[in-house]
1. Under 5 Å between amide H atoms, partner at least 5 residues away or on a different chain: which partners does B:Ile54 have, H built in plane at 1.01 Å?
2. What's the magnitude of the charge dipole for chain B around its Cα centre, counting Lys and Arg as +1 and Asp and Glu as -1 at the beta-carbon? Answer in Debye, nearest 20.
3. Treating the beta-carbon of each Lys and Arg as +1 and of each Asp and Glu as -1, no other charges, what is the dipole magnitude of the protein assembly as shown about its Cα centre, to the nearest 20 debye?
4. Volume per residue, Å³, of the convex hull around the alpha-carbon atoms of the stretch B:125-246?
5. Search the structure for amide H atoms under 5 Å from the amide H of B:Ile269, placed 1.01 Å from N in the peptide plane, and list their residues when 5 or more places away or on another chain.
6. As I understand it, the dipole of the protein assembly as shown uses +1 on the Cβ of Lys and Arg and -1 on the Cβ of Asp and Glu, about the Cα centre. Which of B:Ala34, B:Gly151, B:Leu127 lies farthest toward its positive end?
7. For the stretch B:1-77, which semi-axes, largest first and in whole Å, follow from the square roots of 5 times the eigenvalues of its Cα gyration tensor?
8. Residue by residue through the stretch B:112-123, which ³J(HN,Hα) values in whole Hz follow from phi under the Karplus form 6.51 cos²θ - 1.76 cosθ + 1.60 (θ = phi - 60°), with glycine and proline marked x?
Amino acid sequence: MSDILIRIRDREGKLHEVDASTDMNMNLMEVVRSYELAPEGTIGICGGIAMCASCQCYICSDHPLPEKTEDEEAMLSEAFYVNDKSRLGCQIRITEDLHGLEVELAPEGA
Amino acid sequence: MIKTDILIIGAGPTGLFAVFEAGLLQLKCHLIDALPQPGGQLAEIYPKKPIYDIPGFPEVLAGELVDNLMEQIRPFQPGFTLGERAETLEKMDDGTFVVTTSEGTRHQAPIVAIAGGLGSFEPRKPLLDNLEDYEDKGVAYMIRDPESYRGKRVLIAGGGDSALDWSIYLAEIASELILVHRRNEFRGALDSVEKVQDLKDRGKIRLLTPAEVVALEGEGALERVVVRKMTEPAEDIRVELDAFIPLFGLSPKLGPISSWGLEIEKNAIRVDNTLDYQTNIPGIYAIGDVNTYPGKLKLILCGFHEATLMCQSAYQRIHPGKKYVMKYTTVGGIHGFDGSKKEAPKAVVKTIE
Ligand SMILES: Cc1cc2nc3c(=O)[nH]c(=O)nc-3n(C[C@H](O)[C@H](O)[C@H](O)COP(=O)(O)OP(=O)(O)OC[C@H]3O[C@@H](n4cnc5c(N)ncnc54)[C@H](O)[C@@H]3O)c2cc1C
Ligand code: FES
């Protein structure tokens, strides 16, 4: 199985190029946590059920992404610092067609 | 002053189970939690979701697990200080600790067990200039006393269960109730959504959607807010009111605990995992999600294990030198502080003729 490359800008503005595996049923929030790109306890608080928005990020490339579910829409409508590029990282599964994806983490407390 | 043997900070599953293990050793416990109800993350984030990795329970709802824990510890009569955050910790000359809450409630114990999970659950505040200037002067994030809104003009913002439920409740008490949400869709129990619809149709709730509060105004206290309709951003609405209650959920913050002189690493408290989960301050333990050590896993079952070993160590500190051998509950039974008794039924010894 293959890994894909993802570019992630952390909350301090630092850019990280990381490999993410497509065969571990991982989502974007979990990739960020596995590389510890945001301090423990500030991301993934709800474990990935679209209930906290701590994993909010901005998508900066035009990769085809899964549609937002009802739950994701609802959570984003109650989150802060939201814009058109906002997505919940935990709702984005790592698949091969996301190779080269560029994202930026939303500020803490989003 | 509330006095106990083990003062537990955090009433999540770890803190609750610690009461049971302490009870087996005849030690009394008192718990403090910022949430108004016990259960920690299980109660606040996912009460209606199933858990599949509690040993012996192929499937159990988080809320049910909390109910079961409460039932299991009932004989040991734990005390609770709920809806208050543990703020300061002082070490006394006699070696005991005094913990004071945000509301000034004082607790004293020879042992403190921090079972604070990801931290104390605090309201998420919307990003509005001068919001903090109006706190307790018209702005509230939690409803402590619904009666205080009687006859008042109240505006609630949010689109989840708590926004819906409080709108329903306060619609009957407030003179005017306005509900503002960024979308037309609400996320909550079907029953609540239908009730709000009905209250709206009967003119008891004024719904402003899709819209958001963009500014707060008032001399000294909140007098009005500016609401922007997403559909007509040019025509901001000024709403005169007495109370603005933003309900955007809660998020955990380690908060005051991080300044108690404990070793903090990765937003968690470093403990000795080779022995008893004690922190760098003797007499203070950290158990469950709130601690860290090599290989740490934030799981309920790990919190249960840590609570069990912690209680044994606490017993030794409270009764130094006292000889003790762990007894199985099947063998020793449960002797509650309330006088209740549970015991395995005796086998019958009878001749068969
Ligand atoms: C959606 C979701 C699903 C999960 N699924 C599972 C699963 O399937 N299996 C599993 O094992 N685990 C699961 N978990 C993790 C599990 O919920 C946690 O491991 C568990 O809640 C930790 O328990 P705890 O008692 O240590 O802390 P918590 O449950 O976090 O409770 C800590 C409590 O301490 C309080 N507190 C903290 N600081 C203070 C203070 N200063 N003053 C007052 N109160 C304070 C907080 O308000 C909180 O109520 C899941 C978590 C989530 C979010
Ligand atoms: S981790 Fe909570 S919404 Fe994604």
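The values are calculated or read from the model by the stated rules, or taken from the named source; none is laboratory data. Quick caveat: nothing in here was measured; it's all calculated off a predicted structure. Note: ideal-geometry Cβ built from the backbone for every residue, glycine included; neighbour counts use all protein chains shown. Areas reflect the complete protein model, heavy atoms only, side chains present, ligands, DNA and RNA absent. Shrake-Rupley method; radii C 1.70, N 1.55, O 1.52, S 1.80 Å.
1. For B:Ile54, whose amide H was placed from the backbone, there are no distant partners under 5 Å.
2. Numbers: 40 positive and 50 negative charges, 203 e Å.
Using only the charged Cβ atoms, the result is roughly 980 debye.
3. Details: 49 positive and 72 negative charges, 326 e Å.
Dipole about the Cα centre, nearest 20: 1560 debye.
4. On the way: hull volume 12.3 nm³, N = 122.
It comes to 101 Å³ per residue, whole-number rounded.
5. B:Asn291, B:Thr292
6. About the Cα centre, the residue reaching furthest to the positive side is B:Ala34.
7. On the way: eigenvalues 107, 44, 14 Å².
Equivalent-ellipsoid dimensions as semi-axes: 23, 15, 8 Å.
8. For the stretch B:112-123, the Karplus-derived couplings read 10, 10, 8, 10, x, x, 7, x, 6, 6, 10, x Hz, x marking Gly and Pro.
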